[in-house]
Every structure is written in C-alpha cells, then in structure tokens.
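Student: Take a look at this one; I'll ask things after.
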Amino acid sequence: MAMRLLQQINRLPVKPPVTLGLMGLQTALHLSPMNLPFSIYGLSPQMIWERSEFSRLISGQLLHADDYHLYYNMASFLYKGVKLETSISSNEFAIMTGVLMIG
C-alpha cells in the first residue's frame, strides 16, 4: 500500500510541499517508537470538555489507529491536498491547514 501511495506521489506533475510535509509528519509519528497512546493523545470530546485537554484537538488529528487507517487517510489527504494546494498557493494552504488544526 505504501508503494502505491509513493507511486501516486511520483506521478504528480507538481509536488505540493505542505501536503507532503504533513503526510511525512503523520507517517513519522505513526512509525515512531514513542508509540503515542490514544488514551492520552487521541481525540476524546469527553476529556477535552471535562478536563480541558485542548492539546487533544491537535494531537488527535495527527494520530492513526493502525496502518490501514494511516494509509487511507494519507491517500485521501494526498488527493485533497494536491487539489487545494495547487489551486491556491502553498503559503495560503499552510495557513488554512494551521487554522483548521488549531480551531
């Protein structure tokens, strides 16, 4: 599956830096030996509401439950990111993505 995604990236006429950077960050976090548990870092409305753990709003967007979850999210993000980042500038895309992640 990873090879298929890399082939799609290689076929792109323009390589969108922000999209590829965010994909790399999420993949690195998923493959890192830190093993960030969902119970502590995952998106949990109850923990955000009751304990004001607002950092989960960002960390929850970067974590994936398993390899399939990572692959399908990265494939979807590649498609959407390429469309958006090539229709607007990379700087505007980076700002828009940051605003959406932070809330």
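The values are calculated or read from the model by the stated rules, or taken from the named source; none is laboratory data. Note that the structure is predicted; figures quoted are calculated from it, not measured. SASA here: full protein model, heavy atoms, side chains in, ligands and nucleic acids out. Shrake-Rupley method; radii C 1.70, N 1.55, O 1.52, S 1.80 Å.
Student: Only Cα pairs under 8 Å and at least 6 apart count here; give the relative contact order of the chain as a rounded whole percent. Could you put the intermediate results ahead of the total?
Tutor: Numbers: 64 pairs, mean separation 38.0, N = 103.
In percent, rounded to a whole number, it is 37.
Student: With helices defined as uninterrupted DSSP H runs, which ones in the chain have an alpha carbon span along their own long axis of at least 15 Å and mean Kyte-Doolittle hydropathy of at least -0.5?
Tutor: Qualifying helices: 17-31, 67-87, 90-102.
Student: Sticking with this one: With a 1.4 Å probe and all protein chains in place, put 80, 15 in order of accessible area, largest first.
Tutor: Sorted descending by solvent-accessible area, the residues read 80, 15.
Student: Can you give me the solvent accessible area of residue 43 with a 1.4 Å probe, rounded to the nearest 10 Å²?
Tutor: Accessible area, nearest 10 Å²: 110 Å².
Student: For the chain, what is the convex hull volume of the alpha-carbon atoms per residue, in Å³?
Tutor: Details: hull volume 10.2 nm³, N = 103.
Convex hull volume per residue, Cα atoms: 99 Å³.
Student: Express the carbon and sulfur contribution to the solvent-accessible surface of the chain as a percent, rounded to the nearest whole number, probe 1.4 angstrom. It would help to have the intermediate numbers written out before the result.
Tutor: On the way: 4560 of 7090 Å².
Exposed carbon and sulfur together represent 64 percent of the surface.
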